[in-house]
1. Here is a check on your reading of the model: is Ala140 among the hydrophobic types (A, V, I, L, M, F, W, C), touching a residue at least 12 places away in the same chain (Cβ under 8 Å) and touching a Gly at 6+ places or on another chain (Cβ under 7 Å)?
2. Name the pairs whose Cβ atoms lie under 8 Å apart, with the first residue in segment 75-96 and under 16 Å from Leu146 (Cβ atoms), the second surrounded by 15 or more Cβ atoms within 10 Å (Cβ to Cβ) and of a type in the set (Ser, Thr, Tyr), and 6 or more positions between them or separate chains?
3. Tell me which of these Leu125 doesn't satisfy, since it passes every other one: (1) without any contact (Cβ under 8 Å) to a residue 24 or more places away in the chain; (2) touching a Cys at 6+ places or on another chain (Cβ under 9 Å).
4. Can Ile119 be described as at pLDDT 85 or above and either part of a loop (DSSP other than H, G, I, E, B) or not small (Gly, Ala, Ser) (or both)?
5. Looking at the structure I just gave you, is Ile104 among the hydrophobic types (A, V, I, L, M, F, W, C), at pLDDT below 95 and exposed (fewer than 15 other Cβ atoms within 10 Å of the Cβ)?
6. When you look at Val3, is it without any contact (Cβ under 8 Å) to a residue 60 or more places away in the chain and either more than 25 Å from Ser126 (Cβ to Cβ) or of a type outside the set (Phe, Trp, Tyr) (or both), yes or no?
7. Answer with yes or no whether Pro128 is closer than 21 Å to Tyr11 by Cα, more than 12 Å from the chain's Cα centre (by Cα), not hydroxyl-bearing (Ser, Thr, Tyr) and not in a helix (DSSP H, G or I).
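The values are calculated or read from the model by the stated rules, or taken from the named source; none is laboratory data. Note that the structure is predicted; figures quoted are calculated from it, not measured. FYI the Cβ positions are ideal-geometry reconstructions off the backbone, even for glycines, and counts take in every protein chain you see.
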Amino acid sequence: MEVFWRTIANYNNATWIYQVILVIIGVILTARLITKPGQRTKLAMKIYLIVLNSWIAIVYYLIYCEERKYNNILALFWGIIACLWIWDTIKGHTTFTRSHKHDILAYFLIVMPFIYPAISLARGLSFPSITSPVMPCSVAVFTIGLLLMFSENINMYIVLFLGHWSIIAISKTYFFNIPEDFLLASASVPALYLFFKEYFMRDLHKDTKPNSKYITMLLIILCIIIGSLLTATLFIGLIQGK
């Protein structure tokens, strides 16, 4: 736990100005995507998400979380999500078409990254040892909210990876004393339910990738492989006092 919070403090202390820049860009692009969703804005948002996920993989995990024994596998996880956004940018699976079906929950998820540091401060923590808007769970919940708001055509691979991360967040609330992650774990459940209800149960999967016949198999494989790796490395780190 000590290493966990020390790496967060080092990360925030060294990168806060860059985090501010990333947040400002994200706010502008999100507002633009909601009000004037042109093709350039949609492309810019995908590029932003590529950069954001790459930042989490490289800057957060590989550089500032190097002390953590399980940082490499987590960096790989977020690197895969960045690659999925690159693939999506090329193939155009996610169209950022507004559905207006789940706006209330979507807006809540989108602004949730700003709630993370507020809760840290409310429970007595102080900068730089607080959760910030540019950390893995904050990025995950923002992306889920964005996809939920523009849910007409989305890349279900990305949804599955983010959904798996939401499940992982539950364990962090106990092991690292980070109750802020209950936000992601609890708020993501109804969002993920809506994704699968709309695209799998209602036979609207033809506008998504992958096709529905692969979704169940993919979900099982992801849960077994990624869940096993992350759980094993997490407990190894805990046993070794990291």
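1. On the way: among the hydrophobic types (A, V, I, L, M, F, W, C): yes; touching a residue at least 12 places away in the same chain (Cβ under 8 Å): yes; touching a Gly at 6+ places or on another chain (Cβ under 7 Å): no.
It is false that Ala140 is among the hydrophobic types (A, V, I, L, M, F, W, C), touching a residue at least 12 places away in the same chain (Cβ under 8 Å) and touching a Gly at 6+ places or on another chain (Cβ under 7 Å).
2. Ala82/Ser54; Leu84/Tyr157; Asp88/Thr94; His93/Thr208
3. Going through (1) without any contact (Cβ under 8 Å) to a residue 24 or more places away in the chain; (2) touching a Cys at 6+ places or on another chain (Cβ under 9 Å) one by one, Leu125 breaks only (2).
4. On the way: at pLDDT 85 or above: no; either part of a loop (DSSP other than H, G, I, E, B) or not small (Gly, Ala, Ser) (or both): yes.
So Ile119 does not fit the description; no.
5. Working: among the hydrophobic types (A, V, I, L, M, F, W, C): yes; at pLDDT below 95: yes; exposed (fewer than 15 other Cβ atoms within 10 Å of the Cβ): yes.
For Ile104, the condition - among the hydrophobic types (A, V, I, L, M, F, W, C), at pLDDT below 95 and exposed (fewer than 15 other Cβ atoms within 10 Å of the Cβ) - is met.
6. Values: without any contact (Cβ under 8 Å) to a residue 60 or more places away in the chain: no; either more than 25 Å from Ser126 (Cβ to Cβ) or of a type outside the set (Phe, Trp, Tyr) (or both): yes.
The answer is no for Val3.
7. Values: closer than 21 Å to Tyr11 by Cα: yes; more than 12 Å from the chain's Cα centre (by Cα): yes; not hydroxyl-bearing (Ser, Thr, Tyr): yes; not in a helix (DSSP H, G or I): yes.
So Pro128 passes the test.
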